[in-house]
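The values are calculated or read from the model by the stated rules, or taken from the named source; none is laboratory data. Fair warning: this is a prediction, and the values are worked out from it, not measured in the lab. Here the Cβ positions follow ideal geometry from the backbone for every residue, glycine too, while neighbour counts run over all protein chains shown.
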Amino acid sequence: MWFLQRLRATFGTLSTSSHFHNEVRVRFAPSPTGHLHLGGLRTALYNYIFAKSHGGRFILRIEDTDQTRLVPGAEEQLQAMLQWSGLCADEGPNQGGEFGPYKQSERLNLYKSHIETLVKSGAAYHCFCSEQRLELLRKEALRNRQVPRYDNRCRHLTSHQAQDNRHSGKPSVIRFKLDVEMDLFEDLVYGRTQHDTHLIEGDPVLIKSDGFPTYHFANVVDDHLMGISHVLRGMEWLTSTPKHLSLYKALGWSPPKFAHLPLLLNRDGSKLSKRQGDIYVQHFKDAGFLPEALVNFITFCGSGFQENRELRNMQQLIQQFSLSQVSTHSAVLNMDLLPDVNRSHMIHLLTNQKGRCRLISELREKLAKLKTEKEDGSRGETMELKDEYLLKVLEARKNHISRINDLCQPDYSYLWLRPDGRREDFIAVSENAEIILSEACQEIEGLPESVYEDVKELSAQLRRSSDRLQGVPYAVYMKVLRLALSNLKRGASVAEMMSVLGKAEVVQRLNASVQSVVQDTTGSVSR
């Protein structure tokens, strides 16, 4: 096996199309120049679910030929975010595979072999134009209000002139001779398409002066040698496709099928930008969104399904996806929908044992991180957080929160910390705080456990308890109880708090509040 891999790494696959027959093989090929954002995630997702819906393979390839733009750690972060999102590659840098290496910087010998073929056939040539000359051409075109492009000057050098320049050590790039006439091609999303690329740009660079290939050359060579059957990518590459097809033709290869996905736009119609920190997948992970919710959400844009905006898990996405349903219209990201999508997925997870265990684990992890990293001014003793209690909290608040992170906000600190209410705080609410708390403690301690399971019944009991305290308005009574249970002035209703906390915890907090409020200003307890 190692010999076969070494042979392929040197010479490529001799008969790629015949080797794979009709197998669907797609690739996601990001550049490690930054973090994975929503546009990249959608491209990866559509490749993944397309492959899986046809029983095919999803390949991850790292396109790192632009060495000047590489960001340290970006490659590892890209792979981590794909893994978190549930898009596990069948072949890739970490997984390996029969047609590696899966990093372009490790495939330079392959590009060298095939560029020599193009040069020998006359389809490509050495260009010796300096950066200064190219910059002058660009400025001249802009001054004349023309599209800047290379004038193909070196295409017309004789073989002797090119050879002399190379022998003299003059730096060069290798360019591809673009055809004057570009053939029509059938895009699986946009239909029959034609772009006269030669009118927009001159002969494109295939190999840069540093010996590294450009995207246009490397992706054609790699897609062929890796047996890629379908290329699903953003529509910004649509105009480059004729150039790529010309390369396939010059190399004598059959091209894959192409499908270009519509752009993702902000609600104001602007294009998503990598400069927007809040569109990175890592941002949504850190914010507490579920991976399946984020993946589901981005399918709302650009279609691909008979019915849009439906709650779907990964298996349902795979089963229901169809390229024929992908729209050509730009897709607008309505971020206001994401919290509701995430809430729906959380509620669904609570319906099965595996999902419940996962949410409990995530909540416990968030609370541990909150305890060690965040100081929010909360006071009090930390409660013992058993799984049963965490599940009870999740069930009780599932319709009120959008993310697990919401439960780590100060408004919910009472769920994890026993408040240490101070006498002055209670007196500020009512001079009768001592009487209210003492009476409430007796009343509530006498309630059966079953009452705590019904918030409406609990509310009615609290109303009756308040009525028995002559001269104490119901609103004041509830404010004192809220302070005793949570140290908060607003939030969930007192009955909801009590229902989640349970009878034993409520009684313990009320008793502690009674002890606190009867202290005099010197700190001694009155008798």
Exception for Asn313 within (1) in contact with a Leu (Cβ under 7 Å, 6 or more places away or on another chain); (2) under 21 Å from Met81 (Cβ atoms); (3) of a type in the set (S, T, N, Q) falls at (1)
By residue number, the members of the stretch 106-120 that are touching a Leu at 6+ places or on another chain (Cβ under 9 Å) and in a helix (DSSP H, G or I) are Leu110, Tyr111, His114, Ile115, Thr117, Leu118
I'd like to know if the stretch 401-421 contains one or more residues that are farther than 23 Å from Ile360 by Cα, touching a residue at least 40 places away in the same chain (Cβ under 8 Å) and charged (D, E, K, R). yes
The one condition Ser240 fails out of (1) assigned to a loop (DSSP other than H, G, I, E, B); (2) among the small types (Gly, Ala, Ser); (3) buried (at least 17 other Cβ atoms within 10 Å of the Cβ) is (1)
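For residues that are outside any loop (DSSP other than H, G, I, E, B) and either under 13 Å from Leu469 (Cβ atoms) or assigned by TED's automatic domain parsing to the domain that holds Lys392 (or both), tally how many sit in the stretch 427-443. First the steps, then the outcome.
Here is the first cut: in the stretch 427-443, the ones outside any loop (DSSP other than H, G, I, E, B) are 427-429, 433-443.
If we keep only those that are either under 13 Å from Leu469 (Cβ atoms) or assigned by TED's automatic domain parsing to the domain that holds Lys392 (or both) as well, we get 433-443.
Total satisfying the criteria: 11.
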Among Gly211, Gly252, the single one that is modelled with pLDDT of 95 or more and surrounded by fewer than 15 Cβ atoms within 10 Å (Cβ to Cβ) is Gly252
Requiring at least 1 residues that are in contact (Cβ under 8 Å) with a residue 60 or more places away in the chain, charged (D, E, K, R) and crowded, with 22+ Cβ neighbours inside 10 Å, the helices (runs of 4 or more DSSP H) wholly within the stretch 278-336 are none
Pairs returned, first residue in the stretch 117-144 that is in the same structural domain as His244 (by TED's automatic domain parsing) and free of Cβ contacts under 8 Å to residues at least 24 places away in the same chain, second residue that is aliphatic (A, V, I, L, M) and exposed (fewer than 12 other Cβ atoms within 10 Å of the Cβ), beta-carbon separation under 8 angstrom, 6 or more apart or interchain, are Ala141/Val147
Of the conditions (1) under 16 Å from the mean Cα position of the chain (by Cα); (2) in contact (Cβ under 8 Å) with a residue 40 or more places away in the chain, the single one that Leu263 does not satisfy is (1)
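In the list Ala80, Ala89, Ala141, which residue meets the criterion of being surrounded by 17 or more Cβ atoms within 10 Å (Cβ to Cβ) and either touching a Phe, Trp or Tyr at 6+ places or on another chain (Cβ under 7 Å) or part of a helix (DSSP H, G or I) (or both)? Don't jump to the end; show me each part of the working.
Details: Ala80 fails: surrounded by 17 or more Cβ atoms within 10 Å (Cβ to Cβ); Ala141 fails: surrounded by 17 or more Cβ atoms within 10 Å (Cβ to Cβ).
So the residue among Ala80, Ala89, Ala141 that is surrounded by 17 or more Cβ atoms within 10 Å (Cβ to Cβ) and either touching a Phe, Trp or Tyr at 6+ places or on another chain (Cβ under 7 Å) or part of a helix (DSSP H, G or I) (or both) is Ala89.
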Matching residues in the stretch 381-417 (touching a Gly at 6+ places or on another chain (Cβ under 7 Å) and buried (at least 19 other Cβ atoms within 10 Å of the Cβ)) number 2
